[in-house]
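The block underneath contains the structure these notes are about, expressed in structure tokens.
Readers should treat all values here as calculations from the given coordinates under stated rules, not as data from a laboratory. Not measured: the values here are computed from a predicted model.
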Amino acid sequence: MPGSPTQDALREWQLDPHEDEDGFRHASTNYFRDHEAVFELKVQLWRNAETQPIEDALVEWPSQGKQHRTVAKIRSPAREAYSSARASYFR
């Protein structure tokens, strides 16, 4: 889950593929150059064996209240995400 207000503000943003064929790369490299990225790893608490069977991944667990807990955060500082050195690494 995105974990910063700056990332949350991007929720409504949409990429126009007709404007720039490399639009996603340009948008993401511009964003990561200027902003820290924060991702929250969340878990849903197991409370009831009847409604939340852990053996059957096809059963969707009910989402009642705040059952999701953040267990970790991954932070990536602002950086040049697509430098010439990185680009040559993948060639």
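Quick notes on this one:
- For HIS35, nonlocal amide neighbours, meaning residues 5 or more places apart or on other chains whose placed amide H falls under 5 Å from its own, are ARG79.
- Based on Cα contacts under 8 Å between residues 6+ apart, the chain shows a relative contact order of 35 percent.
- Crossing angle, helix 23-34 versus the chain [Cα axis fit, 0-90 degrees, rounded to tens]: 90
- For the options LEU15, LEU41, LEU58, a Gaussian network treatment of the chain with springs between C-alpha atoms closer than 10 Å singles out LEU58 as fluctuating the most.
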